[in-house]
Amino acid sequence: MATVSQEVYLTDVSEIVFNVKLDTTYDDPWDPSKRSAVVSIDDEVVWESNSVGSDVRGEYYDQVYTVHTQYQDADPHKLSLGIRVNEGGYTYIKYLTKWDLVRFDTHCGGFGYLAEDFDGDCYIDGVDLAMLAEQWVVEEPDEKYDLFEDGIINFDDYALFTDYWMANSNSVNWRDDNCYQSELPVTDLDDDGIVNCVDYAVLMDDWMEEVPEGTCLRGDINGSGEVDYTDLCMLLDGWLEKSWLYGL
């Protein structure tokens, strides 16, 4: 096995995502039974490129290793990328593993996805509901939609889904020591991470009110001292905009 390594911290890392290209010189085939690209942590192989076929040369995008909890501690770990040869002997062929765009995904700020977050944006909304509806009472549904775990998507799964309606995995686990990461839209008047009807209600509650200089109205988005049509237009321009709280 030949690798390049670096010490990394995986405390709140959910996945390691990368691109890899398997290549050879002289247009020779890559037999996966003889050689494979590997990812290892602390010299333990956690991912390999084994696949079916006699020649697996090519580019493989967005390969994923889901980080095991044993590595999600406060200690540094040796992350290695490389190639493993599974047979003895000598060859004139050069085998290459070309790694690119290796990145850590800290899903939803490190807190992970909720089971009901089918599209993986850290927010339970109409998109997830539509995805659930597509699996309604179909034969052999995708198991990730089977929240009730009975082999069928029906009202039992819908009931569990509604328990988390409009929830998001970041704010559920919000910590005060994370507040410096907050990048909320200026039109997010209730600071919940999304510009929606609640913010509209806040603005309407302050509609056409004027306040003395130095006094703050939440609905006064442009800071003019009055809540008027300019603020309303700004709110509508940012409608449904989301902050990092919802994975954007």
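Every read-out reported here was derived from the displayed coordinates using simple, explicitly stated rules and does not represent laboratory data. Quantities reported herein were computed from a predicted structural model and do not represent experimental measurements. Reconstructed Cβ throughout: ideal geometry from the backbone, glycine too, with neighbour counts over all protein chains shown.
Taking only Cα atoms and a 10 Å spring cutoff, compute GNM fluctuations for the chain and point out the largest among ILE93, ILE16, ILE221.
ILE93
Using a cut-off of 11 Å between beta-carbons, work out the net charge of the residues near VAL64 (Lys and Arg +1, Asp and Glu -1, VAL64 not included).
Around VAL64, the surrounding residues sum to -2.
GLU15 to ALA201: FRET efficiency via 1/(1 + (r/R0)^6), r the Cβ-Cβ distance, R0 41 Å, to the nearest 0.05? Mind showing how you got there, number by number?
Numbers: r = 38 Å, r/R0 = 0.92.
For GLU15 and ALA201, the calculated efficiency is 0.65.
Let me check I've understood the local charge: for PHE18, count other residues with C-beta under 15 angstrom from its C-beta, Lys and Arg +1, Asp and Glu -1. What total comes out?
Details: positive: LYS21, LYS98, ARG103; negative: GLU15, GLU48, GLU59, ASP62, ASP100, ASP105.
With Lys, Arg at +1 and Asp, Glu at -1, the net is -3.
With each pseudo-label sitting 7 Å past Cα toward Cβ, what's the ASN50-GLU139 distance in nm, one decimal?
So the label points at ASN50 and GLU139 sit 3.3 nm apart.
What dipole magnitude, in Debye to the nearest 20, does the chain give about its Cα centre under +1 on Lys/Arg Cβ and -1 on Asp/Glu Cβ? Let's see the in-between values first.
Working: 13 positive and 55 negative charges, 382 e Å.
It works out to roughly 1840 debye.
Among VAL56, TYR145, LEU114, whose Cα projects farthest towards the positive end of the dipole of the chain, with charges put on the beta-carbon of Lys, Arg (+1) and Asp, Glu (-1)?
It is VAL56, whose Cα lies furthest towards the positive end.
Can you tally the net charge around ASP125? Count Lys and Arg as +1, Asp and Glu as -1, for every other residue whose Cβ sits under 12 Å from the Cβ of ASP125. Display every interim value, and only then the final one.
Details: positive: LYS242; negative: GLU116, ASP117, ASP119, ASP121, ASP128.
My count for the surroundings of ASP125 gives -4.
Using Cβ counts within 10 Å as a stand-in for footprinting exposure, how do LEU240, LEU114, LEU10 rank, fewest first?
Values: LEU240 8, LEU114 17, LEU10 22.
Taking fewest neighbouring Cβ atoms as first place, the list is LEU240, LEU114, LEU10.
Which lysines, if any, have their Cα less than 20 Å from the Cα of LYS98, not counting same-chain residues under 8 positions apart?
The reachable lysines, counting only those whose Cα sits under 20 Å from LYS98, are LYS21, LYS34, LYS78.
Can you sort TRP165, TRP99 so the residue with the fewest Cβ neighbours within 10 Å comes first?
Values: TRP165 12, TRP99 15.
If I rank by nearby Cβ atoms, fewest first, I get TRP165, TRP99.
For a quick check: sort GLU149, GLU210 by the number of other beta carbons within 10 angstrom, fewest at the front. Each step should come with its number before you reach the end.
Values: GLU149 9, GLU210 13.
Ordered by Cβ neighbours within 10 Å, fewest first: GLU149, GLU210.
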